[in-house]
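Down below is the structure, laid out as structure tokens.
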Amino acid sequence: MTHAGTRSSAPRQANIPKVQRAEDPEVERAHRKWQVAVGYRILARFGLDEGIAGHITARDPVDHSTFWTAPFGRYFGRITPEELLCVDDSGAVIRGEGLLNRAAFAIHSAVHAARQDVVGAVHAHGLHAKAYSTLVRPLRPITQDACAFYDDHAVHETYAGVVFDQDEGRRIARSLDGNKAVVLANHGHLTVGTTVGSAVWWFVTMERSFQAQLLADAAGEPRPLDHDVALETWRSVGTEDVGAFAFAVLAERIVSEQPDLRR
């Protein structure tokens, strides 16, 4: 599929704030860690957690070969920025205490290594993504929201078991290519972003788009949008600035409900 990297000249909605990064790397690090914690709680809030399955990572802004993630086995709805682990490219925990999710390392280390533009990556086991992934096909542009992924996601067509093997992680990264998301056959989906927030938003809205697609397919024969309309809609709903802005709304909801994350 033609990924979003070919659309760098796409116009940005005039009323969508542009993503800002802190000049101080320590401030930027704290912000990314906060977004990871908020992201985990968003997944829990919307029922996108399943026991120990799932992971969010954020590339460290100082040492780009390392990333931050939650300790393995923690309930998503209680993750805090202070407890996150910093993991290097060998899989060693260099900051923080707790177990490392080996599947998280195998997948995310490969994605972060292959895509230097990626700051955040998200994978979990949402119900509708799991169901849709068994079809092993791309998401169709049948709704406005689904157009965020138009020609901007891929399908990893094989399932080789729980991803503990770094070679499989690299194969997933190759399938992802330059896109914002990949459907993982018989598994679910993975999303990435140039911010942690956008990666989280893409994950949530893609899960809902899978649900809409499954409902529409069950009801009849949904009519997809044509190429020009779908592409133009992508320009309005599929850019990184839009993803980060949409995440901010979800983050506001989580912080209002769970004020221990208030900054």
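The values are calculated or read from the model by the stated rules, or taken from the named source; none is laboratory data. None of these values were measured; they are calculated from a predicted model. So basically every Cβ, Gly included, is an ideal-geometry build from the backbone, and we count neighbours across all protein chains shown.
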Fill in the blank from the handout: The correct count of residues that are in a loop (DSSP other than H, G, I, E, B), among the small types (Gly, Ala, Ser) and under 14 Å from Pro138 (Cβ atoms) in region 163-207 is 1
Problem - Residue satisfying condition, being crowded, with 23+ Cβ neighbours inside 10 Å, in a helix (DSSP H, G or I), at pLDDT 95 or above and on the phi < 0 side of the Ramachandran plot, within set Gly39, Gly77 - result: Gly39
Exercise for the section: Kindly indicate the residue of region 217-263 that is basic (Lys, Arg) and in a helix (DSSP H, G or I) and also farthest from Val38 (Cα to Cα) among those meeting that condition. Expected result: Arg235
Handout entry: Ser256 of a type in the set (Gly, Ala, Ser), touching a His at 6+ places or on another chain (Cβ under 7 Å) and either surrounded by 17 or more Cβ atoms within 10 Å (Cβ to Cβ) or over 15 Å from Pro138 (Cα atoms) (or both)
Key = no
Handout entry: Which listed residue is of a type in the set (Phe, Trp, Tyr) and at pLDDT 95 or above, from Tyr150, Tyr159
Key = Tyr150
Problem - region 150-193, residues that are among the β-branched types (Val, Ile, Thr), under 26 Å from Asp226 (Cα atoms) and without any contact (Cβ under 8 Å) to a residue 40 or more places away in the chain - result: Val155, Val182
Exercise for the section: Give the number of residues within region 130-162 that are surrounded by fewer than 18 Cβ atoms within 10 Å (Cβ to Cβ), of a type in the set (D, E, K, R) and in a loop (DSSP other than H, G, I, E, B). Expected result: 2
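Specify which of the listed residues (Ala121, Ala110, Ala106) is within 14 Å of Leu190 (Cα to Cα), surrounded by fewer than 24 Cβ atoms within 10 Å (Cβ to Cβ) and within 15 Å of the chain's Cα centre (by Cα).
On inspection, the qualifying residue turns out to be Ala110.
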